[in-house]
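Since the structure comes first, as structure tokens, the remarks are kept for the end.
Just so you know, all these numbers are worked out from the coordinates, no wet-lab data involved. Treat the numbers as computed from the prediction; the structure is a model and nothing was measured. Here the Cβ positions follow ideal geometry from the backbone for every residue, glycine too, while neighbour counts run over all protein chains shown.
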């Protein structure tokens, strides 16, 4: 176990160092959610006046969305760097090293969590400047962070699994599109009780809606178990499935 | 060839522009993967917006509409054309990268026809996008209050918007000679799009966001298309849909021609 942890730590440290050496690779993933919270809060300010909208501050609704979006792209960023490593041959050297296989998944996952923390901090600061306010104190920050780290885990597993299977940049487009559509086919823009039509049916069964509800619970009132458990279960199930997808992809890479 | 058989300068210019335009339009047709996202994404966002914001039409400041779909059509047209217009400029940058542009410049071809011809693909696509968005959304309840004439004006407006945006991106393509730089500039258009009334009415915005949207030309372009959708045909709506993109076209095409002259002087 200690060998796994130490190898995973080494891989994670390398990935984080790459952020500092190649900020141009990471900056878009930070700027995108920041722009999202700024633009959505400003553009859709009026939606809070729709009868039944759960907050009167657009930033309270869109900050958690931007955090979840940014954290999911933190996971996808790991997929991009893995593709680059596979294409450059570095990943073959990693696979030939005596590092435990699990560390090849844990290392990128730890790095994704570090990236996610950057996104959570930056977007929360910007959202707060735009008027977002926690409605249940620090507990709301914890649920936001849990949702962010959770979706980063899902994004990492999904991105690694695709990277191992495609082994080139074709995987990048699939990673982005699937998560992008997945996240927007939720109550991303407006709550379920305000929604009408086809999207309502899709968003109701989309597990990512539960993760967004978890992220938002501390910005829309008291943090309650009924608003949180669905998100935690979704993170648990999707996280395990995504990491299993990554693991089986890694096995295919070995074949 | 007798003197009478020699083409006049104007005929020659037209023939050159048409030949360049034909090449650009064929290039768009041959690369569906490049243009399909600019059809699908705006439609996806319309579908999303119509479901998410259908109840927003009652909030104070929202224009009087029958459904959010009527309001959203203008946004999808402007968004789609903005996405699609980078395709022509990217193709121009690719021509510069692979040397074809230099061969064109060395030939006895008018500089203006090289440029306008290259942008013609985007213009044709802009008009087609406008028509397609209207046709696709009609079965879902879209109503164009200004009727067939309004639709024709919108198509013409779409062509002009494509030329205006294409001109701006072409200037960038000529300046940098890099298709990567042209695509890298796309987020700037995206930012411009969100700081406008393309997706939501200006009247519901406040503070700095409203201030930027109030001076953003995309707000006025979107509102022109929107007026033709939600109001009956009027001279002011037609003028707004056509004259603002036309004014921008003059500016951006002049800018790209000037950039081209600068490039020629430098070489």
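For chain B, the mean projected area of the C-alpha convex hull, equal to one quarter of the hull surface, is 16.3 nm². Please work out whether region A:137-246 counts as rounded, prolate or oblate from its C-alpha gyration tensor, where a ≥ b ≥ c are the square roots of the eigenvalues and a/c under 1.5 means rounded, while otherwise a/b larger than b/c means prolate and anything else oblate? Cα axes put region A:137-246 in the oblate bin. Across every direction, the projection of the convex hull enclosing the Cα atoms of chain A has a mean area of 13.7 nm². The alpha carbons of region B:161-267 stretch over 51, 31, 19 Å along the principal axes, in descending order. Put simply, when B:146-152, A:40-46, B:259-265 are sorted by average Cβ atoms within 10 angstrom per residue, most first, you get A:40-46, B:146-152, B:259-265.
Most exposed first by the Cβ proxy, i.e. fewest other Cβ within 10 Å, how do A:164, B:208, A:62 rank?
On the way: A:164 26, B:208 11, A:62 30.
By the 10 Å Cβ count, ascending, the order reads B:208, A:164, A:62.
Mean partner shielding of peptide A:28-35, defined as the number of other chain Cβ atoms within 10 Å of each residue Cβ, is 1.
Our summary gives region B:80-196 a relative contact order of 47 percent, counting only alpha carbon pairs under 8 angstrom and 6 or more residues apart.
Would you please classify the overall shape of region B:34-120 from the alpha carbon gyration tensor, given that a ≥ b ≥ c denote the square roots of the eigenvalues, rounded means a/c under 1.5, and beyond that prolate means a/b larger than b/c while oblate covers the rest? Since a/c reaches 1.5 and a/b is larger than b/c, the shape of region B:34-120 is classed as prolate.
Each of residue A:237 and residue A:180 was given a label point 7 Å from its Cα along the Cα-to-Cβ line. The distance between the two points is 2.7 nm.
Where Rh denotes the Kirkwood radius from the mean inverse Cα pair distance, what is Rg over Rh for region B:207-267? It would help to have the intermediate numbers written out before the result.
Working: Rg = 16.3 Å, Rh = 13.6 Å.
Dividing the radius of gyration by the Kirkwood radius yields 1.20.
Other protein chain C-beta atoms within 10 Å of residue C-beta, averaged over A:187-193: 3. For region A:100-165, the alpha carbon positions stretch 44, 20, 15 Å along the principal axes, listed from largest to smallest.
Once you sort the root eigenvalues of the Cα gyration tensor of the protein assembly as shown as a ≥ b ≥ c, which label holds: rounded (a/c under 1.5), prolate (a/b larger than b/c) or oblate (the other case)? Display every interim value, and only then the final one.
Values: a/c = 2.37, a/b = 1.33, b/c = 1.78.
Here the protein assembly as shown falls in the oblate category.
The packing ranking of peptides A:108-117, A:95-104, highest mean first, is A:108-117, A:95-104, where packing means the average number of other beta carbon atoms within 10 angstrom of each residue. Rg and Dmax of region B:96-138, both derived from C-alpha coordinates alone, stand at 15.5, 48 Å.
Relative contact order for region B:120-267 using alpha-carbon pairs under 8 Å, separation at least 6, rounded to a whole percent?
Relative contact order here is 35 percent.
Summed over qualifying helices (DSSP H, 4 residues or more, each -39500 (n - 2.57)) and divided by its residue number, the protein assembly as shown shows a 222 nm mean residue ellipticity of -26500 deg cm²/dmol.
When you restrict to C-alpha pairs under 8 Å that are six or more residues apart and normalise by the size of chain A, the relative contact order lands at 27 percent.
Using only C-alpha positions, report the orientation-averaged shadow area of the convex hull of region B:84-181, nm², one decimal.
On the way: hull surface 28.8 nm².
Convex hull of Cα atoms, orientation-averaged projection: 7.2 nm².
Region B:205-250 and region A:33-88 have their alpha-carbon centroids 28 Å apart.
Helix A:23-43 and the longest principal axis of the Cα set of chain A meet at an angle near 10°. Taken residue by residue and averaged, Cβ atoms of other chains lying within 10 Å of the Cβ of B:188-198 number 2. By other beta-carbon atoms within 10 Å, ranking B:174, B:221 with the fewest at the front produces B:174, B:221. The distance linking region A:102-127 with region B:92-119 is 46 Å (Cα centroid to Cα centroid, whole angstrom).
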